[in-house]
Structures are given as structure tokens and as C-alpha cells.
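Since the structure comes first, as C-alpha cells, the remarks are kept for the end.
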Amino acid sequence: MPDPLPKRSDQRRRRNKGDGPDLVKAPGGAAPVMSSADEDWRPIAARWYASLTESGQAQFCEASDWATAYYVAEAMSRNLAPEADAEELHLRPTSLGDPYRK
């Protein structure tokens, strides 16, 4: 047997609970200062890092967010290094022998 049709919205009684206690706002900290981009970064990493200040979300960033962004831009720049610089990133043989050698 199907359920009865619900009442129209203008015929329903609202039994909502109260909104609860008043909202208490914590004071915000001082606006964090963003470090400038490193001159040695690859251009795309520097552009990405600089673009964060233009984002609408920048007003919500804390000091830890900017520190993380700096780290990501640094890692991005290192990973985009040309092949000559990238040799540092390759695995080198260990004292136990080269695990990739056949």
C-alpha cells in the first residue's frame, strides 16, 4: 500500500529545534606575509606560486599554507630541471650493489 501524499508546504507545521547557542567568533590572526619566489625556480613554478596571491582563496590562507606552497614550488622547480641537472634525482648504486643491474 503506498504512503499517503505529504501535506503542502503551506499546511505543514514546523517543529524545528532552536538554532542552539549563539555563535562565538574567534579572533583572526594577523595576515601572514608570503615569501617572494626564489630566483632560481623554473619560470612555471614561479608563475604558479605568484598566481596564488591573485586567487580568491588567498584571503583564507594561513602561514602554514604559504609555507606549503613554497615547498611545492621548490619541489616543482626541482622536478622540472633539465636533464643535466636531473642526474642528482636518479638513484645511484648502493654499497650493496646496484639493484637495477642485471
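Each reported figure results from applying straightforward, stated rules to the coordinates on display, with no laboratory input. Everything numeric here is computed off the predicted structure, so don't read it as measured data.
Quick check: residue separation of A63 and D10 times 0.36 nm, minus the Cα distance between them. What number comes out in nm? Numbers along the way, then the final one.
Working: separation 53, 0.36 × 53 = 19.08 nm, distance 4.98 nm.
Length difference between fully extended and current span is 14.1 nm.
Sorted from largest to smallest, which semi-axis lengths in Å does the alpha carbon gyration tensor of the range 34-81 give for its equivalent ellipsoid, taking the root of 5 times each eigenvalue?
Details: eigenvalues 72, 23, 13 Å².
In descending order the semi-axes read 19, 11, 8 Å.
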